[in-house]
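S.K.: Here you go, one structure.
The values are calculated or read from the model by the stated rules, or taken from the named source; none is laboratory data. All of these numbers come straight from a predicted model, not from anything done at the bench. Positions of Cβ are backbone-derived with ideal geometry, glycine not excepted, and every protein chain shown enters the neighbour counts.
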Amino acid sequence: MDEQTINQNSKSDRLCKFITENQDEKLTTDLGVKLTNTDDSLKAGERGPTLLEDFHFREKLTHFDHERIPERVVHARGFGVHGFFQVYECMKEYTKAKFLQVPSAITPVFVRFSTVVGSRGSADTVRDIRGFATKFYTEDGNYDLVGNNIPVFFIQDAIKFPDLVHAIKPEPDREVPQASSAHDTFWDFVVNTPETAHTVMWLMSDRAIPRSFRMMEGFGVNTFRFVNEQGVSRFVKFHWKPLLGVHSLVWDEAQKLAGKNPDFHRRDIWEAINNGEYPQYELGIQMIEEKDEFNLGFDILDPTKIWPEEVIPVKIIGKMTLNRNVDNFFSETEQVAFCPANLVPGIDLSSDSLLQGRLFSYLDTQLTRLGGPNFHEIPINRPVAPVHNNQRDGFHRMSINPGKVSYFPNSLAGSCPMPASVEENGYEHYAEKVNGEKTRSRSDSFRDHFSQAALFWNSMSSAEKKHIVDAFRFEVGSVTDKQIRQRVVDMFNNVDNTLAQQIAAGIGAESPPAGASGNTARSPALSQENTIKTAESRKIAILAENGFNHAELTKIMDFLKGAKVCFEIVSKDLGTIRSTDNKELTVGKSYLTTASVNYDAVYIAGGKDCAGAIAGQGDAIHFINEAYKHAKPIGAAGEGIDVLASTQIKGISIVMSDLGAASDAGVVMTRNTADLTEFCNEFLGAVSQHRHWQRENYKDSIPA
Ligand code: HDE
């Protein structure tokens, strides 16, 4: 498929075509009988009982009664989008996977982002790992890269997955709490399962509250293999790197969003794609030669370990662009079925026992969820590669297979369909040499649970460390069992003594003596401080009322548009507002219909009456204070600056005078509305920074 065809399939084009083609269509039953009425059931007399013979009524209600299918046991809440992938250069040296050979070739993809723990109706912004599952529709069949936004996992062996999930899901007696790990059973599991330490560190970090699906990394987590035409295999880990950088929410903001805008993440990506701001991610790989399997100081089959990027560099090999929203959530996002065993020639597995268990679980769970073995025939799951085999029958079979031969070998159908040779790109499993005795035990090389948890902690900035401590205090502080709280402190003392002491101080536990790992290694790639920073596609609330300065605001809006920054006018009431020179502006949201948590930054418009009206509204002042608390950039020009006198921001070193273009921890102001160039650039810089953590209270800060 080429790029043009993919873009031609844009949603609005397809909708227009659908409406034109179906203008004359009439309402029918499921069997095509035209209907005259769907508002009244067939009754014995106008006020009489409904008749059983009303086939339309029965069909409509029966279908409705069966509209729900079981939600996924994990990753129930998700959001899917279409796109395409292109490799940058031929990867022949490492893999024979065809979709990784030709830079001009375009492979369609479907990506489903998800949270893990919550039910389908839970909020987007909860503290959780995010799923990042990609289906590549390649000419050699479907390849699924079923990853997460955190590169490690809680457990080392799939046999513990049901225990982990039972512990983290709502407690079964009351089904409380929803979509949260802040409860006794999860932390009980953690303190009894030290291998969780590294992933728990990530879960307590800002990574678990992403700003957007567009601004998070993806990781294949498990170790896979690339195999080239010569049959040479290398161990591989997969990475998705977002071109918008990796950014997060603030915990207080995430919690508020869960109430005010529980669809925050799906809305964000839906709107971005509809606005033509297509999220892009580069695909990266880390590779280890077979001969180096045992040279890293940890077991490369252990999914609780990263391969530090500074040791094994990430080679960027291609780019994915997400450019089309789904037409129907259920048909596509809900029915898509991923499985790590969906491989194509050139990509193979490792013996990682977490991965080995996953290979079984996904297909198995889909048999129940999608009602039988034919879910590969649902449009979103169908490969673009042709399918020929002797699989037959089962619930919801769509294909009509002609002929009487459904077995192999056969003579009656000339032995068709017949197996392909390796030269014809038939899938051949890598001939890994394995030997061993049957045993239910774990290799000693899987026993170090704290070194990389410490590596993660050491690599964080002061702000990131503070967020981790706060998250622990919130989560473990929500645990009712005192013993478990103490055991968390003791367990994480193996990671870092300062961390353990800080947690203890916040939850009333005993402070443990020094005794931590003593690991001082760092990996700068782990800190979000070192990510890409851009204001592109960020969303700014422009607070304005009647009497705004039209010339000033037009300049600001034009500048933001030019810099591809989104904005929305927020005002007391919906409708329109007028400037001093009687120019009209449409209000996007009122204070009742939005909140500061929906935006990345705030701009306060000038104009004497406008500023006076903003300053006089409690809702507007709360809006600014809240954005300030969440470390967001705040811009003000002309009389807009005067509004700040009514806020908490005045507490910091803002001088209410002509500042030119001045900035204080992301607060950017100017009195000079005649020339806004310098101000605009400063403000844009502050927005690119994303958050200005210097503003947070560092009384008890932890050195980076
Ligand atoms: Fe999954 N996982 N998982 N998982 N997982 C599922 O499959 C499972 C794990 C991941 O958007 C289920 O169709 C086991 C790691 C994503 O549809 C289920 C183990 C990683 C999604 C399942 C793991 C993932 C799932 C539930 C431990 C990151 C959502 C519904 C061995 C690499 C895919 C379904 C989507 C979904 C099993 C651990 C990623 C039950 C047994 C590690 C992104 O089959």
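S.K.: Where residues in region 673-704 are under 28 Å from the mean Cα position of the chain (by Cα) and assigned to a loop (DSSP other than H, G, I, E, B), which of them is modelled with the lowest pLDDT?
M.R.: Ala704
S.K.: Run Asn549 past the list (1) modelled with pLDDT of 95 or more; (2) out of contact with any strand residue (DSSP E or B) (no Cβ under 9 Å at 6 or more places or on another chain) and report the number of the one that doesn't hold.
M.R.: Asn549 satisfies every listed condition except (2).
S.K.: Let me ask another. Restricting to region 107-124, count the residues that are more than 16 Å from the ligand (Cβ to nearest atom) and either modelled with pLDDT under 95 or outside any loop (DSSP other than H, G, I, E, B) (or both).
M.R.: Qualifying residue count for the region: 2.
S.K.: Could you tell me whether region 396-403 includes any residue that is within 29 Å of Ala431 (Cα to Cα) and not small (Gly, Ala, Ser)?
M.R.: No: zero hits.
S.K.: Working only within region 512-554, note down all residues that are surrounded by fewer than 16 Cβ atoms within 10 Å (Cβ to Cβ), over 27 Å from the mean Cα position of the chain (by Cα) and under 17 Å from Lys465 (Cβ atoms).
M.R.: Within region 512-554, Thr520, Ala521 qualify.
S.K.: Something else about it: Specify which of the listed residues (Ser104, Ser180) is away from the ligand (no atom under 13 Å from the Cβ), under 21 Å from Ile347 (Cα atoms), of a type outside the set (A, V, I, L, M, F, W, C) and part of a loop (DSSP other than H, G, I, E, B).
M.R.: Just a single option satisfies the conditions, and that option is Ser104.
S.K.: If you don't mind, there's one more thing I want to ask. For region 147-159, name all the residues that are surrounded by fewer than 22 Cβ atoms within 10 Å (Cβ to Cβ) and either without any contact (Cβ under 8 Å) to a residue 40 or more places away in the chain or not in a loop (DSSP other than H, G, I, E, B) (or both).
M.R.: Ala158, Ile159
S.K.: Name the single residue, out of those in region 183-231 being outside any helix (DSSP H, G or I) and of a type in the set (Gly, Ala, Ser), that is surrounded by the fewest Cβ atoms within 10 Å (Cβ to Cβ).
M.R.: In this case the residue turns out to be Gly231.
S.K.: What about Glu229, is it outside the structural domain of Glu626 (by TED's automatic domain parsing) and either free of Cβ contacts under 8 Å to residues at least 24 places away in the same chain or more than 19 Å from Gly80 (Cβ to Cβ) (or both)? Break it down into steps so the answer makes sense when it comes.
M.R.: Values: outside the structural domain of Glu626 (by TED's automatic domain parsing): yes; either free of Cβ contacts under 8 Å to residues at least 24 places away in the same chain or more than 19 Å from Gly80 (Cβ to Cβ) (or both): yes.
Here the answer is yes, as Glu229 does meet what is asked.
One line per residue, one yes/no per condition, for (1) outside the structural domain of Lys96 (by TED's automatic domain parsing); (2) within 8 Å of the ligand (Cβ to nearest atom); (3) touching a Gly at 6+ places or on another chain (Cβ under 8 Å); (4) of a type in the set (Ser, Thr, Tyr):
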position	(1), (2), (3), (4)
Glu332	no, no, yes, no
Val336	no, yes, yes, no
Cys339	no, yes, no, no
Arg358	no, yes, no, no
Phe375	no, no, no, no
Pro386	yes, no, no, no
Asn389	yes, no, no, no
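S.K.: Within region 56-73, restricting attention to residues that are farther than 15 Å from Thr38 by Cα and surrounded by 14 or more Cβ atoms within 10 Å (Cβ to Cβ), which residue is farthest from the ligand (Cβ to nearest atom)?
M.R.: The residue in question is Glu71.
S.K.: Given the structure, is Arg174 within 17 Å of Ala258 (Cβ to Cβ) and either near the ligand (Cβ under 9 Å from one of its atoms) or surrounded by fewer than 24 Cβ atoms within 10 Å (Cβ to Cβ) (or both)?
M.R.: Criteria not met by Arg174.
S.K.: Of Asn381, Asn374, Asn389, which residue is touching a residue at least 60 places away in the same chain (Cβ under 8 Å) and more than 30 Å from Pro194 (Cβ to Cβ)?
M.R.: On the way: Asn374 fails: touching a residue at least 60 places away in the same chain (Cβ under 8 Å); Asn389 fails: touching a residue at least 60 places away in the same chain (Cβ under 8 Å).
Of Asn381, Asn374, Asn389, the one residue that is touching a residue at least 60 places away in the same chain (Cβ under 8 Å) and more than 30 Å from Pro194 (Cβ to Cβ) is Asn381.
S.K.: Next question. I'd like the full set of residues that are in contact (Cβ under 8 Å) with a residue 12 or more places away in the chain and over 42 Å from the mean Cα position of the chain (by Cα), limited to region 34-55. Please lay out each step first, then the result.
M.R.: Of region 34-55, the ones in contact (Cβ under 8 Å) with a residue 12 or more places away in the chain are 35, 38, 41-42, 54-55.
Result: Leu35, Ser41, Leu42, Asp54, Phe55.
S.K.: Identify all residues within region 261-284 that are in contact (Cβ under 8 Å) with a residue 40 or more places away in the chain and outside any helix (DSSP H, G or I); write none if there are none.
M.R.: Answer for region 261-284, where residues must be in contact (Cβ under 8 Å) with a residue 40 or more places away in the chain and outside any helix (DSSP H, G or I): Asn261, Pro262, Asp263, Asn275, Glu277, Tyr278, Pro279, Gln280, Tyr281, Glu282, Leu283, Gly284.
S.K.: So, one more: Determine, yes or no, whether Asn546 is part of a loop (DSSP other than H, G, I, E, B) and either farther than 27 Å from Pro279 by Cβ or free of Cβ contacts under 8 Å to residues at least 24 places away in the same chain (or both). Show your work before the answer.
M.R.: On the way: part of a loop (DSSP other than H, G, I, E, B): yes; either farther than 27 Å from Pro279 by Cβ or free of Cβ contacts under 8 Å to residues at least 24 places away in the same chain (or both): yes.
Considered against the rule, which asks whether it is part of a loop (DSSP other than H, G, I, E, B) and either farther than 27 Å from Pro279 by Cβ or free of Cβ contacts under 8 Å to residues at least 24 places away in the same chain (or both), Asn546 comes out as yes.
S.K.: May I pose another question? If you take the residues in region 125-158 that are in contact with a Pro (Cβ under 7 Å, 6 or more places away or on another chain) and within 14 Å of the ligand (Cβ to nearest atom), which one is nearest to Phe474 (Cα to Cα)?
M.R.: Per the criteria, the residue is Arg130.
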